[in-house]
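What follows is a set of notes on a single structure, which appears directly below.
Taken together, the values in this text are just the output of simple stated rules run on the coordinates, not laboratory data. As the structure is a computational prediction, the values presented were derived from the model and not from experiment. For neighbour counting, all protein chains shown are included, and Cβ atoms are generated from backbone atoms with ideal geometry for every residue, glycine included.
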């Protein structure tokens, strides 16, 4: 699966999509979900929580292991994906669309600008 070119990527395998309202949607990459295996549980952050860039804020559990997901930018969590409570496997099935994890209002959008583009992610941390 190709990494969408309209997203930015963290070396820790999160992706970010800017929204028109100034927020950003965050999920994990195809590479990350593939390495984890089938997800069986997702623990999402509370709406209103403030997170720092690089802070663990989501836990995903698979049949293989539990892993942290890190905030790619500093800001406030403004929404979470409620569908994942009943269908955590959505992250596996559609990591770049319906399997998004949370929406954040970034304090500083230059943190997004500094993230990897699709080609750099694919050549580095996302290399198969």
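Of note:
- The calculated FRET efficiency for residue 86 paired with residue 18, based on their beta-carbon distance and R0 = 25 Å, is about 0.35.
- When the inverse distances between all different Cα atoms of the chain are averaged and flipped, the Kirkwood radius reads 14.3 angstrom.
- Virtual spin-label span in nm between residue 61 and residue 79, 7 Å along Cα→Cβ: 2.7 nm
- Looking at segment 54-128, the pairs of alpha carbons with a distance over 20 Å make up 41% of the total.
- Label zone at residue 107 (point 7 Å along Cα-to-Cβ), backbone N below 18 Å, segment 1-38: 23-24
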